[in-house]
Number of protein chains: 2
Amino acid sequence: MAQSWLYVGIVSGLLSVGVAVYLYFWVMRQDAGSEKAQQVAGWIREGAASYLKRLYSALTLVAVVLGLVIAIVFSFNMTQIGSSHVDFNPANGVQMALVFVFGAVCSAIAGYMGMTVAVQANVRSAVAVSEHLNKGFKVAFFAGSVMGLAMVGLAVIGMSVIYLLTGDAEVVLGFSFGASTLALLAKAGGGIYTKTADIAADLVGKVEVGIPEDDPRNPAVVADNVGDNVGDVAGMGADIFDSYVASTVAAMLLGAAMGGEIGQKYTVFPLILCILGIFASLIGIQFVRVGKNGKPGDALNFGTVFTCIIFGVMIAVLVITGGYDMSAFWAALVGLITGVVIGFTTEFFTSEDFKPVKETAKVSNSGAAITIITGFSYGLLSILPSIIGIVIAMLIAYNVAEASGVISGIYGIGVAAVGMLAISGMIVSADAYGPIVDNARGIAEMAGMEHDVIEKADVLDSAGNTAKAITKGFSISAAALTVLALFAAYAEVIEARGIELNISLRSPLVVAGVLLGAMTPPIFSALTMLSVTHNAFDMIEEIRRQFRENPDILAGKDLPDYKKCVSLAAEGALSSLILPAFLAVGLPLLVGFILGPDALGGFLGGAIFTGVIFALFMANAGGLWDNSKKYIETGQFGGVGSEAHKAGVVGDTVGDPFKDTAGPSLNTLITVMSLVSSLFAPIIAIFHMF
Amino acid sequence: MAQSWLYVGIVSGLLSVGVAVYLYFWVMRQDAGSEKAQQVAGWIREGAASYLKRLYSALTLVAVVLGLVIAIVFSFNMTQIGSSHVDFNPANGVQMALVFVFGAVCSAIAGYMGMTVAVQANVRSAVAVSEHLNKGFKVAFFAGSVMGLAMVGLAVIGMSVIYLLTGDAEVVLGFSFGASTLALLAKAGGGIYTKTADIAADLVGKVEVGIPEDDPRNPAVVADNVGDNVGDVAGMGADIFDSYVASTVAAMLLGAAMGGEIGQKYTVFPLILCILGIFASLIGIQFVRVGKNGKPGDALNFGTVFTCIIFGVMIAVLVITGGYDMSAFWAALVGLITGVVIGFTTEFFTSEDFKPVKETAKVSNSGAAITIITGFSYGLLSILPSIIGIVIAMLIAYNVAEASGVISGIYGIGVAAVGMLAISGMIVSADAYGPIVDNARGIAEMAGMEHDVIEKADVLDSAGNTAKAITKGFSISAAALTVLALFAAYAEVIEARGIELNISLRSPLVVAGVLLGAMTPPIFSALTMLSVTHNAFDMIEEIRRQFRENPDILAGKDLPDYKKCVSLAAEGALSSLILPAFLAVGLPLLVGFILGPDALGGFLGGAIFTGVIFALFMANAGGLWDNSKKYIETGQFGGVGSEAHKAGVVGDTVGDPFKDTAGPSLNTLITVMSLVSSLFAPIIAIFHMF
């Protein structure tokens, strides 16, 4: 029975990838527009390709090194650690290393497909929107779906194949670690890249020289548009890919920990939820349509909610017909509902319809400092509903499952996380739509399309922002539940070795671990943000140099050297990743090998607590500043050019690295730290100083 | 033996208070200057008195209500809870309520004395400095010592008397809770008051109307100077008073928990450390002298370090001659050294001699947004050395004590905290000096003293900032160790009732508690900062109204209505305290009564972790922005009036509520939460929903 579901998993995964490929060719068949438009799109495409090439070269190196370490370490048979005798079994090591690389490769392929279609779809969406708003929408959304469907398809294929071959959920952990390591570098690197280019382009272009956004005379304009793709498409996709896989693996491990026949049955259950999620997403995607006078934003939200409903029904049918305990249904449902609810409360803090954005816009009259203090404060307040939501979801999922007498409470938490993330196919489609239409707008401007087209592209663009609020709430709360499940999985992996794990806060070693863990997310945020300002500085110098040495650029008679800026951004972003990557992978190992498994447990806990808080705070504060600037631009409090607007621009610029660099990388950071800890737990359990 | 130390405690406390009174009269004998200067000082004095009157009225109400609750709750004899029978013993309740009020009153008296002398010393220091720099320094420093010595004296008297009468360290907890409740309201209220006035005065005065700082034409200038006193003198004093008492009580409780003769002996030990600290401070204060060409800042730092050395020698003598275990000496020493070391690392992030401040000043060229991102990032990075320092101190103190076989490891942590705080007499003297010379400078400006005097006052002022870096590092790290000890004390109080406390991170209830606790400090910060901007807004309207309705004010022909602004600031600050106070006292009780003692343990842990991180981050980021603005003002990157300077001013204004409102209140917040939890622990242990 369980076995056959794994085959279904492989088939559904292939189906999902197949649809993605079909949509890819559909997008490619659309009109790519005038020569001018194609030229502009070509620059962006080249820039994106050159970044990906560098990124993947760097990643190959990382994967090889980490793969070798894994191959060596896991050659020592750790299930034997009870005795003083340690077996040497290289087959184990090679298997784990291969699985790790497989995870990284799957994640890379999904990101690559997403990027490739995005940089083709942007110009096609711009051309299509000149025909009709709906057509532009359709091109962008289907292009987004390419990544969404490729991602979930590859993930399910990977997990099914590995579990089919090994029957061991701990091996799937290696797959997840591979995917997450790649995700961390893609997300943080992309985040640094995109904001470096964005800030530099704005500061010199808009502020110093006074040319508009997306003006082709700006040497950084191509880098800025490339940034949207590498940061928001590839980075974000990798981010959800990693939560998706990690939550499934965590739930599988917690299922396996229950042992016996029940354990086997419930180890596969999370994978089945993913399979149902694929079908729900495939159906949901068909229903995303903009009616005659409909709004694109409503269409995206409708698609998400509709997918949730279909998925909810599917789980109910599965649980009833498959002989699973009803508590598993409730746990999954709680996760699903919490994700949506948190998404909507996020909107309260970041939408211009509510007090926080309005108030921040209003106080901007008194200067940038007050804008910052107010937005910062509301950003901090915004964690309240999400944290309470996560706490309630966790307690309900745990208690419902525990009360069943069939599955363990902690497994319930794992299932809640999977319940949230199973519909990632749809979530990613709606999310990847945003940067594509953002790019479409940029190309329309740079290629000198008509004003009317740019206006329609703006409508598509703002719909992307609305959808983002919900999908962002989804992904952060899902990551929170995922890492809570991974945290439990870490304990299970340790105790499966017969070693008692004591992570009581009454132990000073554990408290030491928690304090060190708690400081890691803020330090990580600081490092990535300092990289942004540092790299932006270099790029600002380069832009000024080009304007200075070639006056024809500003006169519009000569093209600037786009490539130079593109490569500056790429080099800067990649070299900035070394320290953050060490924090993510090296620090947990250091803490584990020096202070021991109990302290490492505390460390993970601490990292999760502040990681979730900082991720929520930074994402929401950034969104709030962005939208209060936009609110002022609608003519409130003096509109464009007023003192309030200047202050709003400062807020928006501060918010940029908050919401697009530091904030979203934190999800991945805590996932990677949890995974590396679980993976190395068996070894740390024996070798540690204290 | 132990008994006799308590009498020594009362005598030393009286001595300390006696010296404080002597210094008070010495300060009052100094020349109070011209009529004009006295008039200006009189406005400030009146404003401060009217705020204190309101504050103490509000506090009386709070004390009565909380006192009544305590009287009722503690009338039920909770040591009987093992059986289903609960004794009703009103004497217990009344005793606890009286002790609570006693704590609040002692703290209030110390704050009142500090304020009273500060508002007399400011003008006298300004007059003295016109004679000689050293004389101005002496007046200000001795005035600061009045509060420092009064504070430690009253605290030691209070704790000695209560322990002498009851012999129960848990009753002393009530005294500490009283002191901390007052401290929280004084600190948060003062912090909101001072920044409301500061920001409003600057935004209208400097930015809109273009008059200099401390200009008498500004209606908010008196409120601004009053703010320095209520925020920095009274508030800060109350803050250290509460850490001082709380750390001593926590160590006493942990000592008592060891039981038997050892327990009795070591319950009094922390009090003896306080007594020695008083003597060390009394000696240290005599050695704070500015040499002929010496710098005031060096004199203050020398005083602090010298006091530390004397105190270290004293502990060694005590431990050897008193038959205490050497591990107690090492634990206290570790605390002392860590405090100093953290103080100096704090300087790295906030002094203009090092990279963070220089770099932030440099990037200010590119606008305020980059200033904010850079300062914010360095602020986050600055938590690294402090957290590592706290972790090392905690682990050493614990392991040294545990290895002794005599005292418990957790008691070692308590002693380390007391070791840091025992010299608070000296620390507060150096810290209170700052706002006094800040005021002296303001009075010199407003009273139209000569330029030469203002320059000398500036020298005194900048010395205050240097000293602040160290004392601030001291107080935050001491608070961190204190709350860790209080956290352990909470566990002891619960287990003393025969109830097992399980605060393992593997329990979802505990994790729920930690998440809720972890979000409390950021929410608290947000609420106090929003109060600042909100109240500043009202005051800005009032200032504009005065300028509009009476043009003679700006012309310098008529005086503005200072009182109106003073009372606006006071009302705003006090009414803003309701929600934060609820968070501090109500939320732990809610969590405890609903989710139970385990979750409450997690809650405290979570609050401590993020509380320490946010306190460090906000204090240091604020200091960094302040000093990078000052660095630009020395002529760097274009100096005053340049784009870099404008950006620096924005950073400074954002940093103001960080470092003076939200950041420093967090210490007190987590102390109050820990105390209220420990105090109510016996009741929560029986009555809770889950």
Test for B:Ile470: is it within 11 Å of chain A (Cβ to nearest Cβ), part of a helix (DSSP H, G or I) and either of a type outside the set (Lys, Arg) or open to solvent by 10 Å² or more (accessible area, probe 1.4 Å) (or both): no
Please work out which residue is farthest from A:Ala685 (Cα to Cα), limiting yourself to the range A:67-89 and to residues that are open to solvent by less than 30 Å² (accessible area, probe 1.4 Å) and at pLDDT 90 or above. A:Gly67
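If a residue must be open to solvent by 10 Å² or more (accessible area, probe 1.4 Å) and over 19 Å from A:Thr307 (Cα atoms), how many such residues does the range A:140-161 contain? It would help to see each step written out before you state the result.
Initially, the range A:140-161 is screened for residues open to solvent by 10 Å² or more (accessible area, probe 1.4 Å), giving A:142, A:154, A:157, A:161.
Still in the list and also over 19 Å from A:Thr307 (Cα atoms): A:154, A:157, A:161.
Residues in the range A:140-161 being open to solvent by 10 Å² or more (accessible area, probe 1.4 Å) and over 19 Å from A:Thr307 (Cα atoms): 3 in total.
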In the list A:Ile240, A:Ile211, which residue meets the criterion of being of a type in the set (Val, Ile, Thr) and assigned to a loop (DSSP other than H, G, I, E, B)? A:Ile211
Six or more apart or on different chains, Cβ atoms under 7 Å: show the pairs whose first residue is in the range A:201-225 and among the hydrophobic types (A, V, I, L, M, F, W, C) and whose second is assigned to a loop (DSSP other than H, G, I, E, B). A:Ala201/A:Asn218; A:Ala201/A:Ala220; A:Leu203/B:Gly367; A:Val207/B:Gly367; A:Ile211/A:Arg217; A:Ile211/A:Asn218; A:Val221/A:Asp214; A:Val221/A:Asp215
Pairs where the first residue, in the range B:264-275, is more than 18 Å from B:Val334 (Cβ to Cβ) and the second is of a type outside the set (A, V, I, L, M, F, W, C), C-beta under 6 Å, 6+ apart: B:Thr267/B:Gly255; B:Leu271/B:Gly9; B:Ile275/B:Gly9; B:Ile275/B:Ser12
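Report yes if A:Leu154 is more than 30 Å from A:Arg289 (Cβ to Cβ), in a helix (DSSP H, G or I) and among the aliphatic types (A, V, I, L, M), otherwise no.
Working: more than 30 Å from A:Arg289 (Cβ to Cβ): no; in a helix (DSSP H, G or I): yes; among the aliphatic types (A, V, I, L, M): yes.
Spelling it out, it is not the case that A:Leu154 is more than 30 Å from A:Arg289 (Cβ to Cβ), in a helix (DSSP H, G or I) and among the aliphatic types (A, V, I, L, M).
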Selected residue (criterion: least open to solvent (accessible area, probe 1.4 Å)) from residues of the range B:258-297 that are in contact with a helix residue (DSSP H, G or I) (Cβ under 8 Å, 6 or more places away or on another chain) and among the charged types (D, E, K, R): B:Lys265
Sole miss for A:Ala615 among (1) away from chain B (no Cβ under 13 Å); (2) open to solvent by less than 30 Å² (accessible area, probe 1.4 Å); (3) not polar (S, T, N, Q) is condition (1)
Checking A:Met449 against (1) hydrophobic (A, V, I, L, M, F, W, C); (2) open to solvent by 40 Å² or more (accessible area, probe 1.4 Å); (3) part of a helix (DSSP H, G or I), the condition it does not meet: (3)
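Name the residue that is farthest from B:Pro356 (Cα to Cα), counting only residues in the range B:639-688 that are among the acidic types (Asp, Glu) and within 26 Å of the chain's Cα centre (by Cα).
The residue in question is B:Asp660.
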Over the range A:193-240, the set of residues of a type in the set (Asp, Glu), buried (at least 24 other Cβ atoms within 10 Å of the Cβ) and within 19 Å of A:His534 (Cβ to Cβ) is A:Asp198, A:Asp224
Inside the range A:174-183, the number of residues satisfying the requirement of being open to solvent by less than 10 Å² (accessible area, probe 1.4 Å) and under 14 Å from A:Tyr56 (Cα atoms) is 3
Residue count, the range B:637-682 (criterion: open to solvent by less than 10 Å² (accessible area, probe 1.4 Å), touching a Phe, Trp or Tyr at 6+ places or on another chain (Cβ under 9 Å) and among the hydrophobic types (A, V, I, L, M, F, W, C)): 12
Note on the range B:491-506: residues closer than 23 Å to A:Leu395 by Cα and facing chain A (nearest Cβ under 10 Å) are B:Leu501, B:Asn502, B:Ile503, B:Ser504, B:Leu505, B:Arg506
So which residues in the range B:216-269 are of a type in the set (Phe, Trp, Tyr) and either within 16 Å of B:Gly114 (Cβ to Cβ) or touching a strand residue (DSSP E or B) at 6+ places or on another chain (Cβ under 9 Å) (or both), if there are any at all? B:Phe241, B:Tyr244
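The rows are residues; the columns are (1) open to solvent by 90 Å² or more (accessible area, probe 1.4 Å); (2) of a type in the set (Gly, Ala, Ser); (3) modelled with pLDDT of 95 or more.
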{"position": "B:Gln3", "(1), (2), (3)": "yes, no, no"}
{"position": "B:Gln30", "(1), (2), (3)": "no, no, no"}
{"position": "B:Ser34", "(1), (2), (3)": "no, yes, no"}
{"position": "B:Glu46", "(1), (2), (3)": "yes, no, no"}
Selection from the range A:339-370 of residues among the aliphatic types (A, V, I, L, M), farther than 14 Å from B:His534 by Cβ and more than 20 Å from the chain's Cα centre (by Cα) yields A:Val357, A:Ala361, A:Ala368, A:Ala369
Residue pairs qualifying under the 9 Å Cβ cut-off, at least six apart or on distinct chains, with the first in the range B:129-142 being outside any helix (DSSP H, G or I) and the second being modelled with pLDDT of 90 or more, are none
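Restricting to the range A:455-477, name every residue that is within 13 Å of the chain's Cα centre (by Cα) and either within 15 Å of A:Glu213 (Cβ to Cβ) or of a type outside the set (S, T, N, Q) (or both).
Going through the range A:455-477, the residues within 13 Å of the chain's Cα centre (by Cα) turn out to be A:468, A:471-477.
Matches in the range A:455-477: A:Lys468, A:Lys472, A:Gly473, A:Phe474, A:Ile476.
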Tabulated pairs, the range A:656-669, first more than 10 Å from chain B (Cβ to nearest Cβ) and closer than 17 Å to B:Tyr378 by Cα, second open to solvent by 10 Å² or more (accessible area, probe 1.4 Å) and among the acidic types (Asp, Glu), C-beta under 9 angstrom, 6+ apart or interchain: none
Listed residues A:Ala621, A:Ala570, A:Ala607; which is aliphatic (A, V, I, L, M), more than 11 Å from chain B (Cβ to nearest Cβ), in a helix (DSSP H, G or I) and surrounded by 22 or more Cβ atoms within 10 Å (Cβ to Cβ)? A:Ala570
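Quick grid of which residues meet (1) more than 14 Å from chain B (Cβ to nearest Cβ); (2) buried (at least 18 other Cβ atoms within 10 Å of the Cβ); (3) at pLDDT 90 or above; (4) within 22 Å of A:Asp242 (Cβ to Cβ):
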{"position": "A:Ala480", "(1), (2), (3), (4)": "no, yes, no, yes"}
{"position": "A:Ala489", "(1), (2), (3), (4)": "no, yes, no, yes"}
{"position": "A:Leu509", "(1), (2), (3), (4)": "no, yes, yes, no"}
{"position": "A:Ile523", "(1), (2), (3), (4)": "no, yes, yes, yes"}
{"position": "A:Ser531", "(1), (2), (3), (4)": "no, yes, yes, yes"}
{"position": "A:Phe537", "(1), (2), (3), (4)": "no, yes, no, no"}
{"position": "A:Ala584", "(1), (2), (3), (4)": "yes, yes, yes, yes"}
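The values are calculated or read from the model by the stated rules, or taken from the named source; none is laboratory data. Worth saying up front: this structure is predicted, and the values here are computed from it rather than measured. Cβ atoms come from the backbone with ideal geometry, glycine included; neighbour counts cover every protein chain shown. Protein only, heavy atoms only, side chains kept; ligands, DNA and RNA dropped before computing areas. Shrake-Rupley method; radii C 1.70, N 1.55, O 1.52, S 1.80 Å.
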